[in-house]
Amino acid sequence: MSEPYTFQRISVYTPLLYGAVVILSLLVFGSQYRKRQVQELSQLKSIFDENEARDLYFQIKEKQEEEKIHEKVIKAALLNRGAEAVRRSIKMKELGPQIELLYKNGGIGEEYWKRFQNEIKLIDLEFKDTLQEAERLQPGWVQLFVGLAKEICFNQALSRRYESIAKRRETCIEQWGLKIDDEGRLIE
Amino acid sequence: MSTDLVYNTNSKQISLDESIGTSDISDATNTNIRQINKLTTAIIAESNPNFTPQPSDNLSKMIKSMFETGIKNLKQNKMQEALKNISLALEMSQRKRAPYEAFQIQLQDMQFMLRQKIDIELILGKNLDAIQDLDMLLNTGMLDPELFLRKTDAYLKLKQYKLAISDCERGLSLFPANPKLRVMLLEAKRRFADYNGDI
Amino acid sequence: MPQSYDYDEGSETWPFFMLTLLLTVLIPMTLMQIWKLTGKTETEDEKVLKVNNSKSVMNKLDDKYTDSSIVTFRDKYNNSINNVFSAKNGLIIVGWICVSVLIQIINSNESIAKSAMGTFDPYEILGVTVSSTEKEIKKAYRNLSLKFHPDKLDRNLSEKERLSMEEIFVQISKAYEALTNPATKENYLLYGHPDGPQSQIHGIALPSFLVNGSLMAKIVIFAYVSLLSIGLPYLVRNWWVKTRSYTKNNIHVETASYFVDRMINYKPSEILTVKLIVSWLSHSKEFRIYYPTLTAADFERLLLAHINREKVDKSERDIQYRIVAKCHTLINGLVAIACGFRNMDIASAALDTFKCIMQAVPDSKYSEILQLPNVNKDHFIENSEDIFTVGKLFTLDDKKIGKVLGISDEELLKDTLAVASNIPFLRLLKAEFKVPGEKNVITGSIPYISLKILVHSARQKVISEKKFPEKYLEDDEDFETIKDPYSNLQTIPLTTYSFSPYFPAKRRSDWVCLIGLQKDNKIIQTPVTIDRLSFKNLNNEFDKRLITEINDKNFNPEEWDIAKINIPLGQPAPNEKGTAFFKVVIKSADYFGPDLEFTMKMDVIDPPPFEEKEEIYEDDSEDNESGESDGEESEEESEDDNDSDYTDIDTDTEDEDEDN
């Protein structure tokens, strides 16, 4: 009933070769994939629109090579940069649970969640970098620098809010359709 | 976005190159440049490179004296001057103090002075300005039934009935036993009903 | 394992394979289409809604004032399932044609018929039915065997004929055995053949010409490979990416990201205006998908032009309609995200923006009046006479209203008044926190918000909650409502279409409910949509200009429908006793005016002491006040029971004694 079995000659190395090919391709694939992931992460857009504080600091630093800039200007720029890092760090801590909840409930996508986690790490790095720069500019300044950066952050926020009062006033007049005289009184 | 910075060696201030159209410059850039310049001015005045957030006594004295002038004017019923002086005191606190001076002190200064300013503004009938200042004061966390009363009153004077009721109810939630707020709420509701033709 | 495969030489199997495939797809599809066509998919809700919509004044006026260009736009994008000539139906018809062709092929195929004959059917061979008795089977066997027994055959038959007769005789014997002999019967039942398991033939449903030649073989393999390892993954990937591309609120993931970005970068110095929200909307990915060639600035321009009722070039009109219609989903997504960030201001501003889009009226103090049709904008703004609300408008007599709004035509004025008096305003009659099964809010319990709302027209006189006797403002305390407080929702009809002639799609009126804490003025849960309300009160005659005082003669509470709305609270009651204040904002998505904003107080108490629980076991437990009296009553009852027990036993023994 059954046909006679036919034999086929296969060398000993065939299975070894097969195994090697498979493992090699998996390794290559793995490393390529990881490389691509890292590249993607680095190209992710930051959550914050821009980091002017940081950019300005580096611009001033660059300019120092052209002109002679007073060292206190650079320190000022660095303090500003530090204050901004503190502000972002506080903001991320505050928003963290809310964004997490939104993500878990399906209100925002995968990509945003990745960006958010990325951002937290970036902010951390940025602050550490700032502290290093501070140490470089003035050895031993780091301790004070952190305290100063915090105070500056809060004061800047207060001041920004105070400065915006004039603009808000104008918007209110427009929104509510008010007619205000020069003395700030309502014209009936 | 790289902007060309111009450095003024005399004033030690940085600014933007004016040959670039100002419309391209974002608000953030402007704000940050202002902030850096303010810091520069403050640090340059410091002789000690290891300066602390300790508030400057000199400035505190100046601000206090300016504020007291204002209060004196108030007692003399010279409202316009009072307002001017208190506003100046506030400006001084905002402009002259270093950004690294203790936040608590700066905040307390502002809160204290704003309260007076609001009262004077209300007396002078500058309801819109009062509302802006009240908004800011409440946002800084100073929750006081008097503030809610004043805000509701100012809203009513500006005929913003919904906002008046909203704020008054919030005030009542935080201070449920306050009788003045309750009366104010009833008044606000009455005026709103009239606005709606609910006869 | 078989050594060789039989390919489908005689076209025996592939027709069945194709037939199965086709039918698996066709039968459900056809059934669904037929079901849809007969219109039986309408639920009870939809039927009632259809009736209400046909009677609705607002709906008729909306149709009257809708521009013809919008009507053509709606028809273009409306998917009419009732269209018999749609592509889907065409496909179904082609499918059924293929099926009939296949059946033809099967029937005409001889080899199939042959193999069908190969099955062993003892009943057929003996000429009996399944229900025949043993006697009948025996008789049939007898008769047939007499005919076909080799010894009884005619000698004149050829060898071939003899053999075939013998075969038939063998079959007959086998059939008889299969039906009578228990062992053979078992074989037949198990294997379908009295001789036991037959050899199995494994076949492949492919004609051999497809497999034999090397070229054809390669093509077939290529076809399979491409289908399974390229085609299928491609389809699955596309489907997966599509699902992942949209958030739970049905907005594109990129749009959601953009909104979150805006919210994080939102500086308090920027004040929330309708313009700002519109600029956020114009960056949505959905718009870019529709019109990849246009920019965000274009979309913003078109949206603002819509709100300001500015004329737009004919070529851009369709674009404008499409993006405006999409704003509904986008705004809902934005509100959901704002609630996620607990920001009351942005959620409110987004809803206000949607009102502007619905009515094509910019946000100002005149909005409530300008949403009415036929209003002469410039004339009204000049002579507003301190009238900014529809309610105040109705304090004037009709003629004066016409003067204020600048409407001289009587017919137009009639329409305007009809719209104005049919805008559903809400009045809060009662608001409280309830815990199912409890009288008060206990620490850690899950309360819900119970609202009693009166829908009324701006033309009607204000009815305060005090005018309604208690019983109208109470919930039924039956088991159903306690078990599921939201079960009554189904009894409230769906809202009808709103008056929004400038909006490109027909929308039912709805309200969005935002709940926050007064303490920090932040939202505490996702938004709740209220889209079930009866508007029957709007027809009640209760003109505020005619009625001076509400008394028994002109007011009958029975005529007024009170909406009982229960809203679930997203979090449990605080764990400590005390008071908490909640801010509830109910904003209309369609009209300026019918918003509600109020504060609710939650008194949280500790759970009552254990004795109170015995309340549950009593029959008349309605008016029990304190825990102590409950305890006493239940004790008394148990004492009575004890007494009666003893009395029974006493009597029995007495009787026994007596008998003895």
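One residue stands out among those in region C:368-401 that are facing another protein chain (nearest Cβ under 10 Å) and part of a helix (DSSP H, G or I): the one that is surrounded by the fewest Cβ atoms within 10 Å (Cβ to Cβ), which is C:Ile381.
Which residues, taken from region C:272-308, are of a type in the set (Val, Ile, Thr) and open to solvent by 40 Å² or more (accessible area, probe 1.4 Å)? Hits for region C:272-308 are C:Ile289, C:Thr293, C:Thr295. Condition check for A:Gln156 on (1) within 24 Å of the chain's Cα centre (by Cα); (2) loosely packed, with under 15 Cβ neighbours inside 10 Å: one failure, at (2). What do you reckon, is A:Ala149 within 15 Å of A:Val86 (Cβ to Cβ), in contact (Cβ under 8 Å) with a residue 24 or more places away in the chain, open to solvent by less than 20 Å² (accessible area, probe 1.4 Å) and of a type in the set (Gly, Ala, Ser)? Taking the combined requirement at face value, the residue satisfies it.
Across region A:38-62, the number of residues qualifying as surrounded by 19 or more Cβ atoms within 10 Å (Cβ to Cβ) and more than 10 Å from chain B (Cβ to nearest Cβ) comes to 1. When each of A:Asn105, A:Asn155 is tested for being free of Cβ contacts under 8 Å to residues at least 60 places away in the same chain and more than 14 Å from chain C (Cβ to nearest Cβ), the lone residue that passes is A:Asn155.
Within region A:117-136, at least one residue is within 11 Å of chain C (Cβ to nearest Cβ) and either free of Cβ contacts under 8 Å to residues at least 40 places away in the same chain or under 30 Å from A:Gln37 (Cα atoms) (or both). In this structure, C:Phe499 does not satisfy being more than 31 Å from the chain's Cα centre (by Cα) and buried (at least 17 other Cβ atoms within 10 Å of the Cβ). Residues in region B:95-127 that are surrounded by fewer than 21 Cβ atoms within 10 Å (Cβ to Cβ), farther than 30 Å from B:Ile43 by Cβ and facing chain A (nearest Cβ under 10 Å): B:Leu124, B:Gly125. The set of residues in region C:446-473 being open to solvent by 20 Å² or more (accessible area, probe 1.4 Å), in contact with a strand residue (DSSP E or B) (Cβ under 9 Å, 6 or more places away or on another chain) and either part of a loop (DSSP other than H, G, I, E, B) or of a type in the set (S, T, N, Q) (or both) consists of C:Ile446, C:Arg459, C:Lys461, C:Val462, C:Ser464. For a quick check of your reading of the model, give me the residue pairs whose first member lies in region C:457-468 and is within 15 Å of C:Phe425 (Cβ to Cβ), whose second is of a type in the set (Gly, Ala, Ser) and not in a loop (DSSP other than H, G, I, E, B), with beta-carbon atoms closer than 8 Å and at least 6 apart or on different chains. Final answer for the pair search is C:Ser457/C:Ser421; C:Ala458/C:Gly391; C:Ala458/C:Ala420; C:Ala458/C:Ser421; C:Arg459/C:Ala420; C:Arg459/C:Ser421; C:Val462/B:Ala193. Listed conditions (1) open to solvent by 10 Å² or more (accessible area, probe 1.4 Å); (2) over 22 Å from C:Ser348 (Cα atoms); (3) in contact with a Leu (Cβ under 7 Å, 6 or more places away or on another chain) are all met by C:Asn575, apart from (3). In region C:87-99, the residues that are within 10 Å of C:Leu26 (Cβ to Cβ) reach residues that are not hydrophobic (A, V, I, L, M, F, W, C) with C-beta atoms within less than 6 angstrom, at least six apart or across chains, in these pairs: C:Ile92/C:Thr30.
Name the single residue that is surrounded by the most Cβ atoms within 10 Å (Cβ to Cβ) among those in region B:73-94 being over 27 Å from A:Phe154 (Cα atoms) and in contact (Cβ under 8 Å) with a residue 12 or more places away in the chain. For region B:73-94, the residue satisfying everything is B:Ala82. Among the residues of region C:244-265, those that are facing chain A (nearest Cβ under 7 Å), under 11 Å from A:Gly109 (Cβ atoms) and not in a helix (DSSP H, G or I) comprise C:Thr247, C:Lys248. Within region B:170-191, is even one residue under 16 Å from C:Gly391 (Cα atoms) and surrounded by 19 or more Cβ atoms within 10 Å (Cβ to Cβ)? Scanning region B:170-191, I find no residue that is under 16 Å from C:Gly391 (Cα atoms) and surrounded by 19 or more Cβ atoms within 10 Å (Cβ to Cβ), so the answer is no.
Here C:Asp478 meets each of (1) farther than 30 Å from C:Asn53 by Cβ; (2) in contact with a strand residue (DSSP E or B) (Cβ under 7 Å, 6 or more places away or on another chain) with one exception, condition (2). One residue stands out among those in region C:427-472 that are more than 30 Å from the chain's Cα centre (by Cα) and of a type in the set (Phe, Trp, Tyr): the one that is modelled with the lowest pLDDT, which is C:Tyr472.
Among the residues of this structure, A:Lys35 does not count as one that is more than 11 Å from chain B (Cβ to nearest Cβ), open to solvent by 80 Å² or more (accessible area, probe 1.4 Å), of a type outside the set (Asp, Glu) and in contact (Cβ under 8 Å) with a residue 60 or more places away in the chain.
Looking at C:Asp531, C:Asp510, C:Asp561, C:Asp552 in this structure, which one is farther than 23 Å from C:Ala349 by Cβ and surrounded by 13 or more Cβ atoms within 10 Å (Cβ to Cβ)? When all the criteria are applied, what remains is C:Asp561.
The values are calculated or read from the model by the stated rules, or taken from the named source; none is laboratory data. On a predicted model such as this, the values are computed, not experimentally measured, just so you know. Using ideal geometry, Cβ is built from the backbone for each residue, glycine included, and neighbour counts are taken over all protein chains shown. All accessible areas refer to the heavy atoms of the entire protein, side chains included, with ligands and DNA or RNA removed. Shrake-Rupley method; radii C 1.70, N 1.55, O 1.52, S 1.80 Å.
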